[in-house]
Structure formats: structure tokens, C-alpha cells
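The values are calculated or read from the model by the stated rules, or taken from the named source; none is laboratory data. Since the structure is predicted, the reported quantities are computational estimates derived from the model, not experimental observations. Don't worry about glycine lacking a Cβ; one is built from the backbone with ideal geometry, like all the others, and counts go over all protein chains shown.
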Amino acid sequence: MAEHDTPYPVQDFEPDALTTSEAGDNTRLDEDDRLKPDFVTAVLDAIESGDNEAARVLVAPLHPADIADLIELAPEDRRAAMAAALGSLVSAEVLSELNDYVRDTVVEALEPQQLADLAAELDTDDAVAIIEDLDEDDQQAVLEALDPEDRAAIESALSYPEESAGRLMQRDLVAVPEHWSVGQVIDFLRDSSDLTSDFWEIFIVDAGHRPIGTCQLSWVLRCPRGIALSDLMKREQTLIPVDMDQEEVALRFQKYALISAAVVDQSGRLVGMITVDDVVHIIQEEAGEDILRLSGAGGEGDINEPVVESYKARVRWLLSNLMTALLASTIIGIFEGTIEKMVALATLMPIVAGVGGNAGSQTMAVTVRALATNQITGTNTRRTITRELRVALLNGGTVALVLGIGVSLVFQNPALGGVIAAAMMTNIVTAGLAGVAVPLVFDRFNIDPAVASSIFVTMITDSMGFLAFLGLATAAGLAG
């Protein structure tokens, strides 16, 4: 498969100028790179009135990524109609740029042969991303409509686990034997008409098709034709196992500053390559998932996600939060008599719990990120915990001092100031320990720390905040 990367000019739309000149307009969209509401409305109105040609004239100058944005901006019930009206403008590149949920809507409106034709224009990894989400019957129909070579490549990719290097890799690459010279490589690149259109390095393989080195295109172009590849190539390379998780692939690209990397099967044979443009997408996707999971919004959190799916992803965490809130409420109930005798305690106790919760969230976010990027290992776990404890002690001391002095002055009660300072210090230190310990424990048991850590850290900080403040107040006899 080969990707056709055709540049598309992007029209800067103005409400009073809804058509383009025959020569086309090469200007870009406005500075924030978004489609203007008037433009979207004009396209929708043209389709609504049955003037599909006018809609195509408006959309034709747009880049495929902007056409994808245009479809996503349309109301959900009008996306399929827009895709049908735009016809061939909804190209393979447009499909690959669409949000997953929106793409499903568009794909449902296409016939299997149309979808097969579009998939054949894409690199294998992009084609797989479109086909893998189809129903089994639709998937089989599209595969049967593909050329045998394309079908074999996609079926091979689908045989690998989701979010693995095998799903992410491209099958089209340039691999040559070690005994070739620079001149032979140049002639091969010029004479071969079916090479992939985008590549930055050439893979050198042995007789068993196992990668033994790489050679950048710039090296080939700058060396005399008679130089042997064995004298030019770089033998040290980063090989990606075909079953490696995509998140680990992204970490390797980041760590070793890779532009592309060879993917090998269990026997060490070269089966594909992964390029940095695919990895950028993975980094963005994984980072977004972690943020959403930390907030309890689920792993998708997409504005195009169906309402029912969003509800299912979020409600379980809200119910979990309800349980933790009931625990905190129970602790408050234990000290009900103390609170009745000194109303100021009710005013101040949310401060202790709230600041402690923020402190725990800070530490938890740092720890989850460190785990995701492999910065925390068995070697430095204890050092990491010690570091976070020191940070918590410094933060707790500072906040406790400021709060204690402020409460003493406002309520004219030094004892109350001392109690809330001690409670704040206790809760922030506890929050720091919980923020680092909870994710580490979940990671040790192979549970995603981004998913469940926030619930437990919140429970610990809320409960400890109320218990420390009200308990110390009772012990100090402030309500006596």
C-alpha cells in the first residue's frame, strides 16, 4: 500500500465570498486554524437545499484534515448526508483524520467496495485503524473487496493484539542486502515504481531477512556510488518486537530520538516499520487517556462519544466517590458533639480536607506520569517516596504556619490556630505519602494507576483531614 500525500490548499472563508476562483485560493484558514461557523453553515445549507455541487465547490480547496474537521463540526444526524454529498472529496486521507466515533458514522454510509478502494490508498496502519472497528460481517466484506496483496497485509495486522506494534506498523519499507553498494541502492530506488512514498532510512538485512543495520537517505546521497553498505550503515539500531505495547513503542522513540524503527517478529525477521508521525498520535492518545482516567471520565472522554457510553464510563466513579464521601461523613458524625459546641470547627474543617486533597492530587499526578514514562523502577522507588515525603513536609509546614497564624488572628484563639496548623501538617504529609504510595501499589499489582488512584487518594485525604482536625480539637478541649 502507498499513501498519496497530495497537498491541498486551504481557503480562508469569508461570509460574502462563498466561491473560489478557478485557479484556487492558496491561503490558509484563520490563525486559530479552525473552520469558521459561517463556512460550516454555508456548506450545510447547500446540502440541505440539494445543491451538492455548491457544497463541493466550497469544500474542494480544503486540506483533508480540515474536511475531517468540517464533518465533525456538523450535527451528528447530518454527518452521513454531508459525507455522501461531498462524494470523492471524502478521501482516504479524510477518513484517516476523522475522530473514531465520527468515522463509524461515515463508514456506515459507504459500500464495502467504496471502503475497500479508500483503504487501498492508505498505509497499512491507517487502513487497519478504519477496518478494525467494523462489524465482523462488514469487515469480511471489505477484506474480500480488497486486492489479495492488500488483504493479506491487513489480515496479518489484524492478527496482532490491539494497541500493539503489529497494529501500528507499516508494511511498506525499503530493505536491501548488506553486500550492495551505494550505487546499487540508488539505482534500485530510482527504478522501483512500487516503493512506499515516505521513508527516511533504508534497512539492511541479512539472507534471513533479519535487520542488521540502517542507513539514512542523506548518507546514501552524499557517498560515492562504489561505497559498500556494510561500510556505511549503522549497525546499532532499536528493534521493536511485533507484540510490544504501543505505549512502550512511544517511550522508545522518545528515549532514543528515533525517526523510524524496524519491527521484527518472534524469529527476528523484519516485518514492518514504525515512523515518528504514527508515534506522535500514540503519545497524544495515551496522554489524553491518562488525564481522563485520573479525572474519572473514562479512557475515551470524547465529545463525540455516545451519551450512554459516557454515562457508563463516568457513573461508576461517581458512585465510588459517593462511598468515600459517606466515609468522611461518618467521621464527621463521630465528632458531632464537638462541632455543636464550637461552630467555628464546621467552618474550618473543609479547608483542611480540601488543601490536603489538592496536595495528594499533585503528588499522584507526578507519580502516575513517572510510572507511565518508566522513570520509576525498583531501583529508585524508595528514593522517590523519600523525595515526595520531603516535599510534603516543606509544603505542610508552610501552609500550616500561614493557616495557623491566620486562624489565630481571625478567631482570637491561638489554641484553635495551633490545632488547625497541626491538622493541616498531618493531612498534607499523609496526602503526599498516599499520592505516591497508592499509584505504586496499583502498578505493583498490574492495575493501571491512572484509573483507580484518584478515588483512594481522595478518600484518604478527606478522611484524614476531618479525623485529624476534629480529633485534635476534641483532645485539646476546644469545645469544652
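Data table
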| quantity | calculated |
| --- | --- |
| Lone qualifier among SER260, SER230 - being in contact with an Asp or Glu (Cβ under 8 Å, 6 or more places away or on another chain), crowded, with 19+ Cβ neighbours inside 10 Å and at pLDDT below 95 | SER260 |
| Some residue of the range 210-223 being basic (Lys, Arg), farther than 24 Å from ALA287 by Cβ, exposed (fewer than 14 other Cβ atoms within 10 Å of the Cβ) and touching a strand residue (DSSP E or B) at 6+ places or on another chain (Cβ under 6 Å) | no |
| Any hit, the range 334-341, residues being assigned to a helix (DSSP H, G or I), farther than 14 Å from MET464 by Cβ and at pLDDT 95 or above | no |
| Among (1) surrounded by fewer than 19 Cβ atoms within 10 Å (Cβ to Cβ); (2) part of a helix (DSSP H, G or I); (3) of a type in the set (Gly, Ala, Ser), the one test that GLY378 misses | (2) |
| Selected residue (criterion: modelled with the highest pLDDT) from residues of the range 267-288 that are in contact with an Asp or Glu (Cβ under 8 Å, 6 or more places away or on another chain) and under 27 Å from THR363 (Cα atoms) | ILE282 |
| Unique residue being closer than 28 Å to ILE303 by Cα, among the acidic types (Asp, Glu) and modelled with pLDDT under 50 when the list is ASP38, ASP32 | ASP32 |
| One residue from ASP126, ASP117 being in contact with a Ser or Thr (Cβ under 6 Å, 6 or more places away or on another chain) and closer than 22 Å to ASP198 by Cβ | ASP126 |
| Any hit, the range 201-217, residues being out of contact with any Asp or Glu (no Cβ under 9 Å at 6 or more places or on another chain) and among the polar types (S, T, N, Q) | no |
| Close pairs (8 angstrom Cβ cut-off, 6 or more residues apart or separate chains): outside the structural domain of VAL355 (by TED's automatic domain parsing) in the range 430-454, buried (at least 18 other Cβ atoms within 10 Å of the Cβ) and not in a helix (DSSP H, G or I) anywhere | none |
| Identity of the residue in the range 133-142, at pLDDT 85 or above and within 18 Å of SER96 (Cβ to Cβ), that ends up surrounded by the fewest Cβ atoms within 10 Å (Cβ to Cβ) | GLN139 |
| Residue in the range 223-234 that is farther than 26 Å from GLU149 by Cα, out of contact with any helix residue (DSSP H, G or I) (no Cβ under 7 Å at 6 or more places or on another chain) and among the acidic types (Asp, Glu) present | yes |
| Hits in the range 229-265 (condition: hydroxyl-bearing (Ser, Thr, Tyr) and assigned to a strand (DSSP E or B)) | SER260 |
| Members of the range 79-90 that are closer than 16 Å to GLN113 by Cβ and surrounded by fewer than 20 Cβ atoms within 10 Å (Cβ to Cβ) | ALA84, GLY87, SER88 |
| Residue identified as farther than 21 Å from VAL457 by Cα and part of a helix (DSSP H, G or I) among LEU403, LEU319, LEU327 | LEU403 |
| Residues within the range 240-285 that are without any contact (Cβ under 8 Å) to a residue 24 or more places away in the chain and of a type in the set (Val, Ile, Thr), tallied | 2 |
| Filter pass, GLN246 being within 16 Å of ILE202 (Cα to Cα), among the polar types (S, T, N, Q) and crowded, with 16+ Cβ neighbours inside 10 Å | no |
| Top-ranked residue of the range 160-195 - restricted to ones that are within 27 Å of the chain's Cα centre (by Cα) and in a loop (DSSP other than H, G, I, E, B), ranked as surrounded by the fewest Cβ atoms within 10 Å (Cβ to Cβ) | GLU162 |
| Within the range 196-228, tally of residues that are aliphatic (A, V, I, L, M) and assigned to a loop (DSSP other than H, G, I, E, B) | 2 |
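Residues checked against (1) among the hydrophobic types (A, V, I, L, M, F, W, C); (2) farther than 26 Å from ASP125 by Cβ:
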| site | (1), (2) |
| --- | --- |
| PHE203 | yes, no |
| GLN216 | no, no |
| VAL220 | yes, no |
| ARG225 | no, yes |
| MET233 | yes, no |
| THR238 | no, no |
| VAL249 | yes, no |
